[in-house]
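**Q** Please find one structure pasted underneath; my questions will follow.
The values are calculated or read from the model by the stated rules, or taken from the named source; none is laboratory data. Treat the numbers as computed from the prediction; the structure is a model and nothing was measured. Neighbour counts are summed over all protein chains in view; Cβ atoms, including those assigned to glycine, are modelled from backbone coordinates with ideal geometry.
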Amino acid sequence: MEILDNEVVKEGNLDELQAVVEVASRCVRLKGEERPTMKEVLQELVALCNNQREERKERNIHDSAIANCPTKCGNVDIGPPFGIGTGCFLEGFEVICNKSTPYLSKSNLQLLEILPREVRVNSTNFIAKICFPDKKHRSGNHPVARRKPIHYFHY
């Protein structure tokens, strides 16, 4: 890679550049039988171009999908890897926006804030279903005891 111009290195994908360098290095081998034919070189370079085109196409589809994704739910900023809607999130990071309140899907965790590599959530945990003042008064419905702690999770 040291033989490549710095501008080429800056503009290119290093894996692709490495593949081209490998093809080029085989082309300059001393023994003719170790060198690829021009047809083989052409096939390898065309395959590299096709791979690059497909990767760009996939990246553009993903980028355009992300560009159309909601970035806020209420006052909480939503961004990758979290997202709202199909194609907007990585698996396990789907956010449901319910009346301007964001929740992690498949859980009852309310999102309060998404930070780099960390998320702050408000969860409702039950301490007890029914609270009795004492053993003699075990009838009737009593309010459910709850607490709302704030948790930080790293992702």
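**Q** Please verify whether Glu16 is at pLDDT below 85, of a type in the set (Asp, Glu), assigned by TED's automatic domain parsing to the domain that holds Gln52 and assigned to a helix (DSSP H, G or I), treating the condition exactly as stated.
**A** yes
**Q** Residue check: is His151 modelled with pLDDT under 55 and either more than 27 Å from the chain's Cα centre (by Cα) or surrounded by 12 or more Cβ atoms within 10 Å (Cβ to Cβ) (or both)?
**A** no
**Q** Taking into account only those residues within segment 67-108 that are of a type in the set (A, V, I, L, M) and at pLDDT 85 or above, which is farthest from the chain's Cα centre (by Cα)?
**A** Val76
**Q** Still on this model: Scan Arg146, Arg138, Arg59 and give me the residue that is within 30 Å of Asp15 (Cα to Cα), surrounded by fewer than 15 Cβ atoms within 10 Å (Cβ to Cβ) and at pLDDT below 80.
**A** Among Arg146, Arg138, Arg59, only Arg59 is within 30 Å of Asp15 (Cα to Cα), surrounded by fewer than 15 Cβ atoms within 10 Å (Cβ to Cβ) and at pLDDT below 80.
**Q** On to the next question. Filter segment 76-123 down to residues that are surrounded by fewer than 17 Cβ atoms within 10 Å (Cβ to Cβ) and assigned to a loop (DSSP other than H, G, I, E, B), then give me how many there are.
**A** Adding up the residues that qualify gives 17.
**Q** Another question about this same structure. Cβ contacts < 6 Å: first residue in the same structural domain as Arg120 (by TED's automatic domain parsing), restricted to segment 75-89; second residue in a loop (DSSP other than H, G, I, E, B) and not hydrophobic (A, V, I, L, M, F, W, C), any location; separation 6+ or different chain. Result?
**A** Ile78/Thr71; Ile84/Pro70
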